[in-house]
Amino acid sequence: MKILLINGHPSKDSFCYALSQAYMQGAKGAGAEVREINVGALKFSPNLAHGYRKITELEEDLLSAQDSIKWAEHLVFVYPTWWGTMPAMLKGFIDRTFLPGFAFKYRDNSPLWDRLLTGRSARMIVTMDAPVWFFRLVYGKPGHNAMKKMILEFCGIKPVKITSFGSVKQSSDKLRAGWLSRTRSLGEAMK
């Protein structure tokens with residue numbers, strides 16, 4: 001399987017980075033081809049300055065990212081929940097790469113659209129400081145819903161599975177080790 005691993009945490013010195021490396025170790029050990037994108041290391045403007053009225057020319061790192069997205073059969077996004085959703089750099093990365101004509105295409109004179117990234121599945125591995133049950137029941141999973149339904153499935157990527165870990169700030173070393181092991185197992189299963 002061809003897997004694209006996208007780490008959306010802006011720092012390599014993060015638990016999300018450790019999770020992404022655990023997934024990659026598991027997937028490579030199981031024989032998958034894995035490409036990796038660390039959004040924080042890319043050189044690009046996250047600002048979609050003109051919306052979709054005028055496409056801003058893509059930087060080299062974003063052109064390379066689009067090539068990797070086209071190549072992949074399975075996308076794995078690893079990122080923290082900040083203010084209920086993804087970090088700004090990851091959102092900017094999506095705004096700039098999942099463009100009309102690449103990820104989707106609006107139909108003329110229709111409210112419908114064509115999904116251009118079909119044939120791919122995805123896994124979201126998301127950390128948070130809130131307990132997972134609290135994020136789900138009290139807040140209604142706003143970031144999960146946005147990423148799964150309004151971005152990935154909108155573009156034709158499915159199924160989209162979600163693994164959430166929290167509360168990270170109150171977790172013990174033993175609990176984090178268990179989360180790393182679980183993530184490695186997801187990679188081994190290529191899910």
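The values are calculated or read from the model by the stated rules, or taken from the named source; none is laboratory data. Note that the coordinates shown come from a computational prediction; the quantities given were computed from them, not determined experimentally. Note that we place each Cβ from the backbone using ideal geometry, even for glycine, and neighbour counts take in every protein chain shown. Areas reflect the complete protein model, heavy atoms only, side chains present, ligands, DNA and RNA absent. Shrake-Rupley method; radii C 1.70, N 1.55, O 1.52, S 1.80 Å.
Let me spell it out: the conditions are (1) assigned to a loop (DSSP other than H, G, I, E, B); (2) among the aromatic types (Phe, Trp, Tyr); (3) open to solvent by less than 80 Å² (accessible area, probe 1.4 Å), and residue 135 meets all of them except one. Which number is the exception?
Just one mismatch for residue 135, condition (1).
Select, from 108, 95, 129, the only residue that is in a loop (DSSP other than H, G, I, E, B) and surrounded by 13 or more Cβ atoms within 10 Å (Cβ to Cβ). Please lay out each step first, then the result.
Details: 108 fails: surrounded by 13 or more Cβ atoms within 10 Å (Cβ to Cβ); 95 fails: in a loop (DSSP other than H, G, I, E, B).
Among 108, 95, 129, only 129 is in a loop (DSSP other than H, G, I, E, B) and surrounded by 13 or more Cβ atoms within 10 Å (Cβ to Cβ).
(1) of a type in the set (Gly, Ala, Ser); (2) on the phi > 0 side of the Ramachandran plot; (3) under 17 Å from the mean Cα position of the chain (by Cα): which one isn't true of residue 31, the others all being true?
(3)
Might you check whether a residue that is among the aromatic types (Phe, Trp, Tyr), surrounded by 12 or more Cβ atoms within 10 Å (Cβ to Cβ) and part of a loop (DSSP other than H, G, I, E, B) occurs anywhere in region 113-123? Steps first, please.
Of region 113-123, the ones among the aromatic types (Phe, Trp, Tyr) are 113.
Now narrow it down to the ones that are surrounded by 12 or more Cβ atoms within 10 Å (Cβ to Cβ): 113.
With the extra rule that they be part of a loop (DSSP other than H, G, I, E, B), the set shrinks to none.
For region 113-123, residues among the aromatic types (Phe, Trp, Tyr), surrounded by 12 or more Cβ atoms within 10 Å (Cβ to Cβ) and part of a loop (DSSP other than H, G, I, E, B): absent.
Kindly list the number of the only condition in (1) open to solvent by less than 70 Å² (accessible area, probe 1.4 Å); (2) closer than 20 Å to residue 156 by Cβ; (3) among the acidic types (Asp, Glu) that fails for residue 61.
Only one criterion is unmet by residue 61, namely (2).
For every residue, the table says whether it meets (1) of a type in the set (A, V, I, L, M, F, W, C); (2) at pLDDT 95 or above; (3) in a helix (DSSP H, G or I).
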| position | (1), (2), (3) |
| --- | --- |
| 4 | yes, yes, no |
| 31 | no, yes, no |
| 55 | yes, no, no |
| 65 | yes, yes, yes |
| 70 | no, yes, yes |
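Given the conditions (1) modelled with pLDDT of 95 or more; (2) in a loop (DSSP other than H, G, I, E, B); (3) in contact with a Lys or Arg (Cβ under 9 Å, 6 or more places away or on another chain); (4) open to solvent by 40 Å² or more (accessible area, probe 1.4 Å), and given that residue 162 satisfies all but one, which numbered condition is not satisfied?
Every condition holds for residue 162 apart from (2).
How many residues are open to solvent by less than 20 Å² (accessible area, probe 1.4 Å), within 16 Å of residue 5 (Cβ to Cβ) and small (Gly, Ala, Ser) if we restrict to region 64-92?
3
Does region 144-156 contain at least one residue that is among the aliphatic types (A, V, I, L, M), part of a strand (DSSP E or B) and open to solvent by less than 40 Å² (accessible area, probe 1.4 Å)? Explain how you work it out, then say what you get.
The initial filter retains those residues of region 144-156 that are among the aliphatic types (A, V, I, L, M), namely 146-147, 150-152.
Checking which are part of a strand (DSSP E or B) leaves us with none.
No, region 144-156 contains no residue that is among the aliphatic types (A, V, I, L, M), part of a strand (DSSP E or B) and open to solvent by less than 40 Å² (accessible area, probe 1.4 Å).
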